[in-house]
Amino acid sequence: MTCGECDGGYTIVGKSHFGYANLRNKGTCNSPLTIKREDLEARVLTGLKDQLLHRELMAEFVLAYQAEFNRLTAEMPKSKAKTKHELAKIIKLIGKMADAIAEAMFHPSFEGEDGRS
């Protein structure tokens, strides 16, 4: 919500009212108008009900939601298989890295007198 005079926003003024922030905080607006919180909420809810709760809009929303849900559900097994494959590759790579580290750190002095490490 913005002021029609200065384009400033609203802020809470007192316990139960909203008013223009520029008037309250900066003194740069001349509009002393306020609105009760209950009245503002009622207007917003009425607007939402009148603008959004039409059968046609609800039916369109339900169809779009179902289509997206079905699309995501169909992709899930593919995504899971891809993730498992990537995890297996990473585990194999970690094993190779650990082997390389172990081999690079080996020194003949690590062996005992009998030739065993």
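Quick one: order Arg37, Arg43 from most to least accessible surface, probe 1.4 Å.
Details: Arg37 95, Arg43 170 Å².
So the residues, ranked largest to smallest area, are Arg43, Arg37.
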The answer for His17, listing residues at least 5 apart or on another chain whose modeled amide H is closer than 5 Å to its amide H, is Arg37
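Order Ser79, Ser16, Ser31 by their accessible area, 1.4 angstrom probe, all chains in place, largest first.
Details: Ser79 65, Ser16 40, Ser31 10 Å².
Heavy-atom accessible area, descending, gives Ser79, Ser16, Ser31.
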Got a sec to turn the phi values of the stretch 70-85 into Karplus ³J(HN,Hα) couplings, 6.51 cos²θ - 1.76 cosθ + 1.60 with θ = phi - 60°, whole Hz, x for Gly and Pro?
-> 5, 5, 5, 5, 5, 6, 4, x, 4, 5, 5, 5, 5, 5, 4, 5
Straight-line reach from Lys26: which lysines have Cα under 25 Å away, leaving out those fewer than 8 places along the same chain?
-> Lys15, Lys36
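The values are calculated or read from the model by the stated rules, or taken from the named source; none is laboratory data. What you see is a predicted model; the values in this text were computed from it and never measured. With ligands, DNA and RNA removed, areas are computed over all heavy atoms of the protein, side chains included. Shrake-Rupley method; radii C 1.70, N 1.55, O 1.52, S 1.80 Å.
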